[in-house]
Amino acid sequence: METLLEKYLTPDNITFMLQAAVVSVVIAALALTFGLCLGILGAAGRISKNKVAHGIATFYVETIRGTPMMLQILFFYLGVPSIVRSITGNPFNPSVYLIGVVALSINSGAYTTELIRSAIQAVDAGQWEASRTLGLGYRQMMRFIILPQAFKRIIPPLVSEFITLIKDSSLLSTIGVVELLQSAKTIGTYTYNYVPPLLMASVVYLALTLTISRFSSKLEERMALSD
Amino acid sequence: MISLKHVSKSFGPLKAVDDASLEVKKGEIICLIGPSGSGKSTLLRCIAGLEDPEEGEVWIDGERLDLHSKDQKKLEKLRIKMGFVFQHFNLFPHMTVLENLTLAPIQVLGMDKAAAEQRAMELLARVGLADKRDAYPSKLSGGQKQRVAIARSLCMDPEIMLFDEPTSALDPEMVGEVLDVMKELAKAGMTMVLVTHEMGFAREVATRVIFLADGKMLEENTPAELFANPQNPRLKDFLSKVL
């Protein structure tokens, strides 16, 4: 036991792993942010009466939710560069970190779209009616009445989306992004033993996800107070 | 002020309002009564432009209320001639009482904040709730919520007030405070159309009572006549159950 600890919990390994954990969190946070932007656009399309906007948004959501995330990552890693090369004739080799953020953002955006759409539609119909009888136009109603109420409902599921993204960012290890899982695999390769580094990575993942979900339940309690 | 011409509205196979015509003059107080499912609320919602009748026309103040009109601005102008009070209040839960009252005057009428707040406070005082200006709706009783909702409608200076069962969702001890506010409005000369189960109120305040069943307007008269001498057998049956 003493030797195991000495062998694996070295300052170098710990630094390496924590740096990789920061990469995981940053990628997840970026994907959540861009995903939220995509989700706002997507939800606007999904509730739009414009057939084209509705069609595009629906196609986006169904395609992304209906295919494996691993496939989407590989599509951006292997597919997109070769498509771009065949069109422009020049080699196109974006950083795997950029590819990772793009793939995860687009994936998260589809789920966030549905989350926002359902939160908007969950606002009581009476709120729409009251807004209308007071003469508020569609934009005013959205801005002052519907979105502020929908926003409250979006926060808790958005936090769990963040947790999902932290875990799913581990898939990026397959394309060479040095995130938390990849760091564990690297340490395992050097030491010929994967068990200790995988357990160490688990502890870090759990520390992250449990902290965030604790924060989330605190937030929910606070929001329940103002209801 | 309000003119309904052969209005019909169906929900699927159900004819909720069947060929209803009605003229409401300034200062009139019309009570719509009838068994549940008789189409009273749907009729009122057609007047307010919350339902789109598939047949007939709704005219407000000499202008057609056409929900398919391309001119949304004109439609909004027509809408705000009418205040609407809902059975379930529909206050905005994320805003204080004062914000509930001032939102539309500021955003729709373009009033400045101070003027809108002053007007809101006058109306809150009128419904007896000036001390609740900073409360959120969830902290109010049902009767208080409905009085705030009435004040919110009045903030838009409507010419007509429409009430859709304003006391039906209230505990019995709170009905009176809401009816008092409505009586006071009636005394002040407001044109009102209301769907109600409060026969006492209809008898005391209404200038005309209309009885509906199965979407049809079966009988209308002054309250004194209608309650004392009902003609239609459906009305007789209805009155025997509610009075």
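The values are calculated or read from the model by the stated rules, or taken from the named source; none is laboratory data. Nothing here was measured: the structure is a model prediction, and the numbers come from that model. No Cβ is skipped: glycine too gets one built from the backbone with ideal geometry, and neighbour counts run over all protein chains shown. Ligands, DNA and RNA are excluded from the accessible area calculation, which covers all protein heavy atoms including side chains. Shrake-Rupley method; radii C 1.70, N 1.55, O 1.52, S 1.80 Å.
Regarding B:Leu44, is this residue surrounded by 15 or more Cβ atoms within 10 Å (Cβ to Cβ), under 13 Å from the mean Cα position of the chain (by Cα) and more than 9 Å from chain A (Cβ to nearest Cβ)? Let's see the steps before the verdict.
Numbers: surrounded by 15 or more Cβ atoms within 10 Å (Cβ to Cβ): yes; under 13 Å from the mean Cα position of the chain (by Cα): yes; more than 9 Å from chain A (Cβ to nearest Cβ): yes.
So B:Leu44 fits the description; yes.
Sort out which residues of region A:95-105 are of a type in the set (A, V, I, L, M, F, W, C) and either in contact with a Cys (Cβ under 6 Å, 6 or more places away or on another chain) or buried (at least 21 other Cβ atoms within 10 Å of the Cβ) (or both), and write them in order of number.
Result: A:Ile99, A:Val101, A:Ala103, A:Leu104.
Output the number of residues of region B:64-78 satisfying the condition of being touching a helix residue (DSSP H, G or I) at 6+ places or on another chain (Cβ under 6 Å) and either open to solvent by 60 Å² or more (accessible area, probe 1.4 Å) or touching a residue at least 12 places away in the same chain (Cβ under 8 Å) (or both).
1
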Looking at region A:120-130, which of its residues are at the interface with chain B (Cβ under 8 Å from one of its Cβ atoms) and open to solvent by less than 50 Å² (accessible area, probe 1.4 Å)? A:Gly126, A:Gln127, A:Glu129, A:Ala130
Filtering region A:218-227 down to residues that are in a helix (DSSP H, G or I) and surrounded by fewer than 11 Cβ atoms within 10 Å (Cβ to Cβ) yields A:Lys218, A:Glu221, A:Arg222, A:Ala224, A:Leu225
For a quick check of your reading: which strands (runs of 3 or more DSSP E) sit entirely within region B:1-53 and have at least 1 residues that are farther than 20 Å from B:Glu165 by Cα and touching a His at 6+ places or on another chain (Cβ under 9 Å)? B:14-24
Of all residues making up region A:16-53, the number that are more than 18 Å from A:Arg117 (Cβ to Cβ) and of a type in the set (Gly, Ala, Ser): 6
For region B:100-110, how many residues meet the condition of being in a helix (DSSP H, G or I), open to solvent by 20 Å² or more (accessible area, probe 1.4 Å) and in contact (Cβ under 8 Å) with a residue 24 or more places away in the chain? 0
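Condition check: buried (at least 18 other Cβ atoms within 10 Å of the Cβ), within 14 Å of another protein chain (Cβ to nearest Cβ) and part of a helix (DSSP H, G or I). Does A:Ala150 satisfy that? Break it down stepwise before answering.
Values: buried (at least 18 other Cβ atoms within 10 Å of the Cβ): yes; within 14 Å of another protein chain (Cβ to nearest Cβ): yes; part of a helix (DSSP H, G or I): yes.
Yes, satisfied.
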Condition met for B:Met156 (in a loop (DSSP other than H, G, I, E, B), among the aliphatic types (A, V, I, L, M), over 17 Å from B:Leu179 (Cα atoms) and within 8 Å of another protein chain (Cβ to nearest Cβ)): yes
Could you tell me whether any residue of region B:75-85 is within 7 Å of chain A (Cβ to nearest Cβ) and more than 21 Å from B:Glu51 (Cα to Cα)? no
Residue satisfying all of: in region A:153-170; open to solvent by 10 Å² or more (accessible area, probe 1.4 Å) and under 21 Å from A:Tyr60 (Cα atoms); farthest from the other protein chains (Cβ to nearest Cβ) among these: A:Asp168
Among helices (runs of 4 or more DSSP H) lying entirely in region B:194-243, which contain 1 or more residues that are open to solvent by 70 Å² or more (accessible area, probe 1.4 Å) and basic (Lys, Arg)? B:199-205, B:233-242
Of all residues in region B:111-164, which are open to solvent by less than 10 Å² (accessible area, probe 1.4 Å) and free of Cβ contacts under 8 Å to residues at least 40 places away in the same chain? B:Ala116, B:Ala120, B:Leu123, B:Leu124, B:Leu129, B:Gly143
The conditions are (1) outside any loop (DSSP other than H, G, I, E, B); (2) closer than 28 Å to B:Tyr136 by Cβ; (3) away from every other protein chain (no Cβ under 11 Å), and B:Val58 fails exactly one of them. Which is it? (2)
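Do we have A:Phe215 as away from chain B (no Cβ under 14 Å) and open to solvent by 60 Å² or more (accessible area, probe 1.4 Å) here?
When the stated conditions are applied, A:Phe215 passes them.
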